[in-house]
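The values are calculated or read from the model by the stated rules, or taken from the named source; none is laboratory data. Remember, predicted model here, so these are calculated numbers, not experimental data. Every residue, glycine as well, gets a Cβ built from its backbone with ideal geometry; the counts of neighbours run over all protein chains shown.
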Amino acid sequence: MDVAERAGQRFPPAAESRQRDHRRPRPARGFYGLDVYSLATSISAVLNYLDDIDPQTARIARERYGCLAPFRSDPARYGRMALSQGYAQCEKPVADALIDLLKKRLGYLSRDGSAFFNAEQNARIVVAAEQYYRMMYYGSARSWNLRDQHMFETLGRVLEHRGPDSKAVVWAHNSHIGDAEFTEMGQVRGELNIGQLARARFGEDCALIGFGTDRGTVAAASNWDEPMEIKRVRTARADSYEGRARDAGIDAFFLETGPGQKASVREALAEPMLERAIGVIYGRRRSCSRIISRPNSPSSSTRGFGSRRPRPSPRGHKPIRMGLTRRIHLDCRRLAPTRPQDFETISLPSPSNTTLGW
């Protein structure tokens, strides 16, 4: 099992709510996963649901998913096999399993809507994961874009399932949550991400929040399939966002970078810089990626920086209510200038709609 899949086990499979009993009131809060790294767990979730509600369909689904059985402990092997043999052996069977489920949607929904929703999202994960592992060996943006498109579509279905007034906090890495359109990801590599897609759909109803630090520790591996280690983060480069924030001399702060910020701050942060990008893999050559941005964009965002607890919000500003918003962070905003007096430390009001984060 690779590092990313182990990390994904901290969370339930996509759209697995803590509350399944349709006879009880729907809980005020739910906890959902969005990614494609739960192939084996998602297959089990679909089969367990069908075993309870429709054993005959469960038997058919078990046969269809049997194509992926040899690869459940190491899905990347399926991608290598599909590449070497030149065809997608499991594409049709897993798609047919999802189609079978959707054809019986009305009957299943009438018995337990929440349980069906969980099963449907897990069936969609299996379809997306089959495509993802097959594409990842081509070395293009296709596998990345498929993964983030899947996450965004799952977010949309979760919000729809929860009702018209639903809000969400999405907790993900900066590379997924930042708006790729303003960075090297979108402008050079042709990649999109969930932050970009959510900004396009929800507009200013998204609160864009990012995080960075100059120092501290991180749980990561040195390479894929290697054990997790607690690694000390190297001091940020002087030409990076985190280095500029450190040089500002403020222990921890929020920085609003939208049109409401001082013109001098936005001007000081106008040049493209490096940004630290620590994921499940972290080493000497894996700590920064180049960012391109347009600081005069009409959109606004906030970044939090520092290694110690942030200072209280200024008087008259309400703190961010993280549990009540959908959370999106834009990589594209400029961080700190070098003079502390140039900063305005601000807390964002809770937005009316969507936010993604970290």
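Which condition does Gly190 not pass, out of (1) under 27 Å from Met151 (Cβ atoms); (2) out of contact with any Cys (no Cβ under 7 Å at 6 or more places or on another chain); (3) surrounded by 16 or more Cβ atoms within 10 Å (Cβ to Cβ), if it passes all the others?
Going through (1) under 27 Å from Met151 (Cβ atoms); (2) out of contact with any Cys (no Cβ under 7 Å at 6 or more places or on another chain); (3) surrounded by 16 or more Cβ atoms within 10 Å (Cβ to Cβ) one by one, Gly190 breaks only (3).
Tell me the helices (runs of 4 or more DSSP H) entirely within the range 116-202 that contain at least 1 residues that are within 22 Å of Ala97 (Cα to Cα).
Passing ranges, in order: 142-162.
Going by the conditions given, is Gly212 at positive phi and either modelled with pLDDT of 85 or more or not aliphatic (A, V, I, L, M) (or both)?
In short, no.
Please state which of the following conditions Lys92 fails to meet, knowing it meets all the rest: (1) under 19 Å from Ser143 (Cα atoms); (2) within 26 Å of the chain's Cα centre (by Cα).
(2)
Determine which single condition Arg201 fails, assuming it passes every other condition in (1) under 27 Å from Leu34 (Cα atoms); (2) modelled with pLDDT under 85.
Of everything listed in (1) under 27 Å from Leu34 (Cα atoms); (2) modelled with pLDDT under 85, Arg201 misses just condition (2).
Quick check on the range 40-75: of everything there that is outside any helix (DSSP H, G or I) and not basic (Lys, Arg), which residue is nearest to Leu101 (Cα to Cα)?
The extreme case among them is Asp54.
Restricted to the range 231-276, and to residues that are assigned to a helix (DSSP H, G or I) and in contact with a helix residue (DSSP H, G or I) (Cβ under 8 Å, 6 or more places away or on another chain), which residue is surrounded by the fewest Cβ atoms within 10 Å (Cβ to Cβ)?
Top of the filtered list is Ser264.
Looking only at the range 196-214, decide whether some residue is within 26 Å of Asn145 (Cα to Cα), in contact (Cβ under 8 Å) with a residue 12 or more places away in the chain and among the hydroxyl-bearing types (Ser, Thr, Tyr).
no
Out of all the residues in the range 150-173, which are in contact with a strand residue (DSSP E or B) (Cβ under 6 Å, 6 or more places away or on another chain) and surrounded by 21 or more Cβ atoms within 10 Å (Cβ to Cβ)?
Matches in the range 150-173: Thr154, Val170.
Outside the structural domain of Leu34 (by TED's automatic domain parsing), acidic (Asp, Glu) and either surrounded by 19 or more Cβ atoms within 10 Å (Cβ to Cβ) or under 16 Å from the mean Cα position of the chain (by Cα) (or both): is that true of Glu181 in this structure?
yes
In this structure, is Gly139 surrounded by fewer than 23 Cβ atoms within 10 Å (Cβ to Cβ) and either without any contact (Cβ under 8 Å) to a residue 12 or more places away in the chain or of a type in the set (Val, Ile, Thr) (or both)? Walk me through how you get there before you give the answer.
Values: surrounded by fewer than 23 Cβ atoms within 10 Å (Cβ to Cβ): yes; either without any contact (Cβ under 8 Å) to a residue 12 or more places away in the chain or of a type in the set (Val, Ile, Thr) (or both): yes.
In short, yes.
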